[in-house]
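Structure first, commentary second.
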């Protein structure tokens, strides 16, 4: 059964943890935090989404607190940023690509894991999206900035597409490795399109209210 | 047994979700967020208190992630705000009334649900208050402002009164539909009195310290 | 078996709750919050770390929501700050000492409790650190400031030392009351040394980037 494919789940998780941890470290550097701050924000950004997912589906203790490979991935990413952050700034385009990759693997991997815990289809979709956006949300809240998911180009929407795709495939019985990687590609492409084309969700009408 | 009255619980939940989701959408509009931001903050404000409650009492997965009716209520409220927010601003008095109603049904409904999970009387009171104030807290933290519960007129206190009332009635064996709605009315009236009379909890003595 | 020594656990918890609740109350006073705000932030700072710990190890409902002694300790601390905060400001050195004591008992007590829930050794270490820094993190996020653990002198590191010590002793079979109090002393001394000597973790190289 695909959804118990632990190796696939692990690869999705490790890739996602690493790239999101890079983003956490970079935010910490921008905020002028020290080494501990960089590592903590890397850890929060990389593992926070998975911890939320596990709390919500009852996978206690969360793998983000128990799997040394994921923690190591986050700490390596944080250390890399600490040492090499000027290089990362110069290659911020690379970081955005990595971030889109993290969004993709976390949304799809989060929904797959939730399906394995038998929480219902709608919950599996929502949990996938929360896995994908949760780490960045916690990172931004701790760093004292309004979460990017609330103010940037389409971010939650591609995650929702990817999660819904695997959950739909699961319900219809055609979930396979092809579908999983197809869904990952879908999230990645839609997210990158939003970045490249500077697509944004519509804003409400402006008013003169200062309320 | 009243505390297993699922229909009553559902009505309390849906009303609370809807009115708190309105408040989340309005905060998002004020912050200049886009459609996704409005819907996310509506979702957080409407469902966040219930999600915290369910995590704390072990009701996994939380209904805020699994019940399509509650999610729909939050999304409808967010969409309404997105389309009609200038009208809502003009009727901000209505919003404050709705918010008091949400506080009332969440405090009472949260404690009722906790009693059904056999978590102890004190916990049932605390969980009710957290259900009532939690969504607004999460909304404000994500929106980058100090939570209203920390800085506005008496907000947590009426919730505490309502939760304590139903838990006390449960312990003494006279919990009934009358008591439930009486407790809801109590929270609502005390909260509206605080709003109308501009009642506030006392402040600490000011000092010259700039610490 | 030491890790089921409920009395020791209770003493560690109550001391930690009280001193962290003092810190929460002081932050609330500085932010100009009212009595409810002071008590809520005292409650969050004092009990938040333990609530996170219990959610992560599956100890539902968390003792921070169910144990009247811990809640009373937090409320007494908050009330003391409310009434006597000018005195506390004058003795801010005392507060820092108390805070180091709280860090020490929470890190060690958190890991001990996690060991009793059979969550794995690595998880027990991480959970201990989160118990120690979690309340202060939540306090600062609610108060609208970047958490101290991210920007102050070595704070998470001594907690990590203490948690790792008791978990190591547990694995090697020589965990005892002496080891527990030794680990508490270790955290306290390292933390106080960081405060007194103004030790900080290294910062990343500054760059001209304004990114």
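Just give me the residues in segment A:117-132 being at the interface with another protein chain (Cβ under 7 Å from one of its Cβ atoms) and closer than 29 Å to residue A:27 by Cβ, in sequence order. Spell out the reasoning first.
Let us first name the residues in segment A:117-132 that are at the interface with another protein chain (Cβ under 7 Å from one of its Cβ atoms), namely A:119-120, A:122-123, A:126-127.
Correct list: A:126, A:127.
Of the residues examined, residue A:69 is one that is more than 14 Å from chain B (Cβ to nearest Cβ), surrounded by fewer than 23 Cβ atoms within 10 Å (Cβ to Cβ), within 28 Å of residue A:165 (Cβ to Cβ) and modelled with pLDDT of 90 or more. Any residue at all in segment C:80-95 that is crowded, with 21+ Cβ neighbours inside 10 Å, in contact with a helix residue (DSSP H, G or I) (Cβ under 6 Å, 6 or more places away or on another chain) and either assigned to a loop (DSSP other than H, G, I, E, B) or at pLDDT 85 or above (or both)? Yes. Residue check: residue B:37 meets all listed conditions (1) crowded, with 24+ Cβ neighbours inside 10 Å; (2) more than 14 Å from chain C (Cβ to nearest Cβ); (3) under 30 Å from residue B:170 (Cα atoms) but one, namely (3).
Yes/no per residue for (1) part of a helix (DSSP H, G or I); (2) modelled with pLDDT under 90; (3) surrounded by 21 or more Cβ atoms within 10 Å (Cβ to Cβ):
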| position | (1), (2), (3) |
| --- | --- |
| A:7 | yes, yes, no |
| A:20 | yes, no, yes |
| A:33 | no, yes, yes |
| A:45 | yes, no, yes |
| A:54 | yes, no, yes |
| A:59 | no, no, no |
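Listed conditions (1) touching a residue at least 40 places away in the same chain (Cβ under 8 Å); (2) more than 9 Å from every other protein chain (Cβ to nearest Cβ) are all met by residue B:31, apart from (2).
Listed here are the residues, each with its yes/no results for (1) free of Cβ contacts under 8 Å to residues at least 60 places away in the same chain; (2) in contact with a helix residue (DSSP H, G or I) (Cβ under 8 Å, 6 or more places away or on another chain); (3) buried (at least 21 other Cβ atoms within 10 Å of the Cβ); (4) at the interface with chain A (Cβ under 9 Å from one of its Cβ atoms).
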position	(1), (2), (3), (4)
C:103	no, yes, yes, no
C:111	yes, yes, yes, no
C:114	no, yes, yes, yes
C:134	no, yes, yes, no
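Of all residues assigned to segment A:173-185, none qualifies as being surrounded by 18 or more Cβ atoms within 10 Å (Cβ to Cβ), part of a helix (DSSP H, G or I), out of contact with any strand residue (DSSP E or B) (no Cβ under 8 Å at 6 or more places or on another chain) and within 14 Å of chain B (Cβ to nearest Cβ). Among the residues of segment C:132-171, those identified as assigned to a loop (DSSP other than H, G, I, E, B) and closer than 17 Å to residue C:185 by Cα are C:154, C:155.
The values are calculated or read from the model by the stated rules, or taken from the named source; none is laboratory data. What you see is a predicted model; the values in this text were computed from it and never measured. Glycine gets a Cβ as well: all are built from the backbone with ideal geometry, and neighbour counts include every protein chain shown.
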